[in-house]
Each structure stands twice: as structure tokens, then as C-alpha cells.
1. Tell me the distances, shortest first, between A:ALA138 and the same position across the other copies, using label points 7 Å along Cα→Cβ, in nm to one decimal.
2. Would you mind computing Rg(Cα) / (2.2 N^0.38 Å) for segment A:90-133, counting N as its residues?
3. Take every DSSP beta bridge with both residues inside the protein assembly as shown and express the antiparallel ones as a percent of the total, to the nearest 5.
4. Assume the label is 7 Å from Cα along Cα to beta carbon: what separations in nm does A:VAL15 have to the matching positions in the other copies?
5. Setting aside same-chain residues fewer than 8 positions from B:LYS89, which lysines have a Cα under 25 Å from its Cα?
6. Restricting the count to DSSP beta bridges whose residues both fall in chain B, what percent are antiparallel, rounded to a multiple of 5?
7. With +1 on each Lys and Arg Cβ and -1 on each Asp and Glu Cβ, how big is the dipole of chain B about its Cα centre, in debye rounded to the nearest 20?
8. Would you mind telling me the antiparallel percentage of the DSSP bridges in segment A:204-334, rounded to 5?
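Any read-out appearing in this document is the output of simple, stated calculations on the displayed coordinates, not a laboratory observation. These numbers were taken from a predicted model, which means no experiment stands behind them. Note that we place each Cβ from the backbone using ideal geometry, even for glycine, and neighbour counts take in every protein chain shown.
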Protein chains: 2
Amino acid sequence: MTSLRDVAARAQVAVSTVSAALNGTRPVAAATKLRIEQAARELGYRPNLLARGLQSKRTRILALLFPPPAGGFGPTGMGFATAAAEAAKELGYHVLLSPESAAPVEELRHLTGLGLVDGVLLMEVRLDDERPAFLARAGVPFAMIGRTRDPEGIDYADIDFAATARQAVAHVAGLGHRVLAFVNSPAAAFEAGYGPAVRSSAALATAAREAGLDYVDGGHAGSREEGARALDALLDVRPDVTALAVMGDRAAAGVLAAAARRGLRVPDDLTLLLVLASARVAEIFHPRLTTLEPPSAELGRLGARMLIDRLGGGGPPRQRLVPCRLVTGDSSAPPRTGAAS
Amino acid sequence: MTSLRDVAARAQVAVSTVSAALNGTRPVAAATKLRIEQAARELGYRPNLLARGLQSKRTRILALLFPPPAGGFGPTGMGFATAAAEAAKELGYHVLLSPESAAPVEELRHLTGLGLVDGVLLMEVRLDDERPAFLARAGVPFAMIGRTRDPEGIDYADIDFAATARQAVAHVAGLGHRVLAFVNSPAAAFEAGYGPAVRSSAALATAAREAGLDYVDGGHAGSREEGARALDALLDVRPDVTALAVMGDRAAAGVLAAAARRGLRVPDDLTLLLVLASARVAEIFHPRLTTLEPPSAELGRLGARMLIDRLGGGGPPRQRLVPCRLVTGDSSAPPRTGAAS
DNA sequence: CTGTTAGCGCGTTCAC
DNA sequence: GTGAACGCGCTAACAG
């Protein structure tokens with residue numbers, strides 16, 4: 001562990017001069033500066049982050065809070081995390097992975113009290129999330145990936161559900177469909193106020209109406225079995241549905257299975273859209289599903305950048321909405337003529 | 001930010017006494033101790049990790065190194081990370097997420113030079129990985145999730161490929177199959193010495209031989225297209241193959257598609273096994289695939305524990321192998337009588 | 001049993 | 001342009 005002092009000794013200068021030379025805090029003669037840099041290089045000097053943080057009150061460490069394993073999107077969580085960590089690294093920051101327990105606020109109080117992190121990045125934000133309120137009150141800088149019901153004044157990056165829904169509707173309407181149904185994530189997620197669950201259905205309904213399509217609520221499903229039941233229930237009531245969006249890969253698998261069981265072929269008899277799943281996952285379905293891929297990496301990056309900018313100073317809150325990417329698979333096609341009543 | 005001094009002032013004692021009382025470093029009179037604890041509670045005191053780390057040379061922070069996004073297992077990476085972070089938290093440690101760039105060793109040199117982390121947890125270890133050697137030389141404590149070709153003397157937790165392969169072979173042999181083929185991950189991964197790719201095929205071949213089964217090398221595939229081609233190539237040469245293990249979900253999707261195209265039904269005409277994919281993923285296939293689910297969470301936990309134990313003191317290196325869990329889906333069945341020549 | 005002192009490695013005043 | 005001194009919050013010596 002070579003320290004500033006070692007470098008100073010080797011370069012024959014005072015410690016403070018080395019600090020100044022390396023940080024550019026104050027002017028240092030070119031010659032001595034060179035000597036110092038050389039000495040630092042030879043010794044493989046690395047500033048001790050702890051000492052620096054202790055002194056400067058800035059650790060350049062961000063906490064990334066993520067919920068218990070089973071929650072929400074699943075695989076895409078990793079996308080946020082790695083992208084955020086990478087973006088942070090580019091800006092000279094580190095990311096601390098903080099798994100959340102049952103008592104998120106207590107957890108946060110503890111974590112932020114340690115003086116270890118400069119700010120917090122929130123994932124899986126619910127509409128009425130209590131964490132933002134706590135952090136704001138505690139004066140801890142933070143940003144959200146996702147957003148609360150009323151996120152005014154808070155930095156966040158979230159999916160642009162409205163644009164995404166319009167995209168989806170345009171896709172199916174362009175193919176000639178007149179009716180769009182949607183099977184949402186499990187009721188529990190919806191009732192918990194989980195953003196994507198609540199906003200997806202609302203946005204799809206609105207977009208469909210605006211485009212003159214008939215929107216049908218296909219209920220909720222989380223498992224394969226529930227997905228199958230959802231399709232059955234849906235078609236029993238609305239046999240005129242020719243296009244269906246599904247949130248959640250397992251539910252989609254169930255829908256596909258139930259469709260096959262009913263003798264419906266995808267995409268000939270039914271157009272299927274996966275909502276908020278990666279193209280990688282959409283591709284393992286048969287047929288390959290058309291999907292609205294969430295911009296996980298982009299959101300992670302944005303979240304990290306926003307938070308770091310915020311640490312740097314004031315400025316108005318930044319709020320970014322990014323639409324999903326429509327990746328066309330083999331599950332979309334024009335409706336069968338005469339399928340609708 | 002309330003500090004030790006504040007607590008000391010409030011409790012009318014010296015700073016060092018507070019430290020001692022809170023850490024149990026040295027005996028403190030019960031009465032004063034109580035007073036101190038009360039004061040600390042009232043002030044909401046949290047020890048500053050930076051100051052503590054600076055003094056004690058132990059930050060209680062672990063770095064979790066993970067490779068660039070696209071690599072290896074994919075989704076399961078998150079399993080390692082969250083489990084490791086949770087296990088660490090239970091033991092009073094934090095986990096720093098460190099994305100790895102193209103120059104892993106330089107990266108490590110930098111990271112460990114910062115004095116920020118006590119130890120390093122390595123993921124996605126290759127057989128001839130250079131990182132363990134560097135860390136050992138640098139005297140940085142570390143543990144691996146996965147293992148090198150010769151991991152003697154190093155702490156690691158890895159998949160028990162031999163046991164997993166025996167399990168797979170027993171499964172198909174128990175159904176009556178006599179021939180087992182294996183489509184491995186992309187050639188690039190194999191040639192890079194990526195542990196799971198290399199060890200899976202070797203273990204399956206050995207296990208098959210021991211059980212008296214015929215083992216057939218089905219080549220490599222990473223994408224859906226490659227998976228399809230792999231099946232075609234395989235069956236052209238060995239039409240007697242009735243059981244097939246595939247590593248990688250996209251490749252498996254291709255195999256399934258190619259099988260359908262050839263008029264082969266799964267599981268009636270072909271038994272399909274997914275290797276090293278989560279049950280969650282296996283479930284979205286149609287039919288539900290039988291899978292060997294990697295013990296990601298368990299490995300993450302073990303890795304974190306081992307590393308922390310190592311920091312605590314010496315002791316012999318701990319090396320743990322954990323088999324995958326066989327989750328039976330709807331893709332395994334007895335071979336069609338007369339299918340083999 | 002408790003208080004005083006020193007120092008972890010760094011940045012930042014100040015004098016010079 | 002440079003150096004000496006102080007303090008960030010904490011732990012670990014040593015006195016008392």
C-alpha cells in the first residue's frame with residue numbers, strides 16, 4: 001500500500017505538493033510535477049479512496065438498491081445493474097449492490113448512515129413507494145429507475161409506456177387488427193402499484209382508443225397455467241380478439257399452449273405480442289415472439305448519469321422516458337379474413 | 001452525520017470509551033456502557049465505515065467481478081450476484097459490483113490498489129484464467145465461482161459437473177435410452193476455456209461411458225440457427241440418437257424447431273434435456289423442457305462465505321462442488337421402440 | 001475501568 | 001511555487 005507520503009519522499013517534495021500535482025488543485029511547476037508523476041508511476045501509487053472520502057465527504061460510491069430475488073421483471077434486472085455500474089465506472093464511480101429486505105426504509109436508513117455512499121439508485125419503484133420520500137427527507141441524493149405516481153422534482157429514467165403502447169398498437173393496427181387484448185402481470189404486482197403493471201395496461205388502453213381499436217382487458221397471469229386460463233377466459237367472452245399482448249414470459253408460454261390446444265395457430269389465427277421481455281427471451285419461443293424489449297441498459301445508464309450529475313451540483317431534475325424497442329418475430333400477422341364477427 | 005464525538009459528549013465520556021463500549025474491544029462498566037448505548041440510540045449514531053476502514057485496514061467490502069454483459073450464462077449471473085450480496089450482508093459485508101473490461105488484470109490492479117475492498121469474488125472463471133494468478137501474487141484474498149484447470153490451494157465454489165452428468169445420464173438411461181448426444185455452447189466459449197463448456201462435455205462423455213451409454217458429440221451452437229443446424233447434422237450421421245442434451249436456451253429453441261421440421265416430436269421421438277438453464281427458462285419452452293438447473297444462488301452464497309472466512313484468518317482452502325438440480329419437464333420420455341437400429 | 005494521545009492517508013488551509 | 005500543520009472519524013496504544 002504505497003501512499004502519498006512515499007511518493008513525496010521519492011520525488012523530494014512535500015506531501016501537499018504531490019496532492020496538488022496529482023489533482024491539479026493548485027499550480028505546480030512543470031518540472032516538479034513531472035518528477036512527481038514519474039515517482040507516482042514508479043511506485044504504482046493509487047490514491048486511497050477511504051482516506052480521500054473521509055476528507056472530502058465524497059466517496060464516489062453509489063448504492064444500487066434492488067428488491068428480493070423473485071420480484072418483477074426478473075432477468076432484466078441484471079441489465080440495469082451492469083449498465084449502471086459501467087456508466088458509473090466511466091465517470092469514476094463505483095456501485096454497491098444492496099439487496100433489499102422486507103423493511104426497505106430501515107435498510108436505507110442504515111445504509112445511508114454509514115457514510116459509505118454518496119447517493120442511491122432505486123429500482124422497481126412502486127407508484128406509492130415510500131423510499132423516495134424517505135430519501136428526500138433525509139437529504140440523500142437519489143435517482144429512480146422507474147417512477148412514483150407523482151415524481152415531480154425527482155430525477156428518474158423510466159420506460160415511456162405511452163410511446164411503447166402506441167408503437168404496439170400501430171404494429172397490430174398496421175397489420176389490420178381491429179381488436180387488441182392485454183394479459184397483464186399477476187394481480188398482486190398490479191395491486192402493489194408496481195409501475196410497469198399499472199402503466200402498461202393504462203397506456204395500451206389509451207393508445208388503442210386513440211387508434212380506433214377495441215381494447216379488451218385480458219386479466220392477469222404470472223404462471224404458465226394462469227396464462228392458459230387467461231386466454232381461455234378471454235376467448236370465451238371475446239372470440240373476436242385477433243391480437244393479444246402479454247406481459248411476462250411464463251404467462252405468454254401458457255397463452256401459446258392454450259392457443260394450440262384450442263386449435264388456434266400463431267400468428268395465423270392469433271397475433272401475439274410479448275411486452276417488456278428481452279429479444280433474447282422472445283427468441284426461444286416457438287414461433288419467435290414479437291416483443292417490446294425494455295431499454296434496460298439505457299435506463300441503467302441514464303439513472304447512473306443522472307445521479308452523478310445531481311451529486312455534482314444543483315440544476316433542475318431530469319426526467320427521461322425511453323420507449324421499448326419493437327422487435328418483430330414470427331408471431332405477428334394480419335388477422336384471418338372473417339375472423340372478426 | 002453524527003459521529004463518535006457527539007455520542008461521547010452526550011454520554012459524558014471520552015471518545016475511546018464509546019468506541020470500546022460499542023465494539024466490545026475492552027471492558028466497560030455496565031452503567032457507562034448503558035449510558036453510551038442510550039446516547040448512541042438517541043442520536044441515531046452509525047459508525048462511519050470509511051474512518052473505520054482507514055484505521056483498521058478492513059473495509060468489509062467485497063468486489064464482485066463480472067464479465068462484459070454478453071458473456072456466458074446470461075440471466076443466471078444475477079442469481080450469483082444477488083445471492084452473494086445477501087450472504088455478505090448477513091455477515092456484515094457489502095458487495096461492490098465491478099464490471100470487467102477488456103483488460104481484466106489491469107482492472108484488478110486498479111481496483112485492489114484503491115484500498116476499497118478487502119477481497120475479490122471472481123465469476124466466469126476460465127480454465128487458464130490469469131486473474132487468480134495475479135491476485136495470488138498481489139496477496140489479495142479472493143475466491144472463485146467456477147474454477148481454473150488446476151485450482152489447488154484456492155477457495156472456490158463450482159458446479160459439480162461429474163455428479164450433474166451422472167444425474168442426467170441416469171435420467172435418460174432410466175427411461176431406456178441407449179444413446180445420448182450433446183450440443184455444447186458455442187465453439188468460441190469452448191475454445192476460450194470457459195469452464196462449464198469444457199467440463200460439461202467431458203463429464204457427460206464419462207458418465208455415459210460408465211453407464212454403458214453411447215455418447216455422441218453434437219457439436220456447438222449458440223444461436224437458434226446453429227441449434228437447428230446442429231440437430232440436422234447430428235441426425236444425418238446418427239439417426240439412432242434418441243436423447244439429446246443441449247446447453248444454452250437459444251440453441252435448444254433451434255433444436256426444437258429443427259426437430260419439428262423433421263417431423264420428430266418431443267418427447268415421443270426425441271428426449272430433450274436443457275443443460276445449465278434455470279427452471280424458469282425451461283418452463284417457457286413448449287413442451288416444458290427437462291433441465292439441469294445450476295445452483296446459482298447456492299454458489300453465490302458459498303463464494304461470499306468462503307471469501308469472508310478467508311479474510312477472517314487462515315485455514316485450508318475450501319473447495320465446494322454443488323450439482324445441478326434436475327427439474328423434470330415434459331420433454332423426457334422412453335424412446336420409441338424400434339427407434340434405434 | 002477510563003481518559004489522553006497518536007496516527008491511518010488524504011485534502012486543504014495557511015504561512016513562507 | 002512550496003512546505004508545515006490541521007482535521008475528517010475512528011481504533012489502538014499507553015497512562016492514570
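1. List, nearest first: 3.1 nm.
2. 1.24
3. 15 percent
4. So the label point of A:VAL15 gives 1.6 nm to the other copies.
5. Here the lysines satisfying the reach criterion relative to B:LYS89 are A:LYS57, A:LYS89, B:LYS57.
6. 10 percent
7. 1400 debye
8. So the antiparallel bridges in segment A:204-334 amount to around 25 percent.
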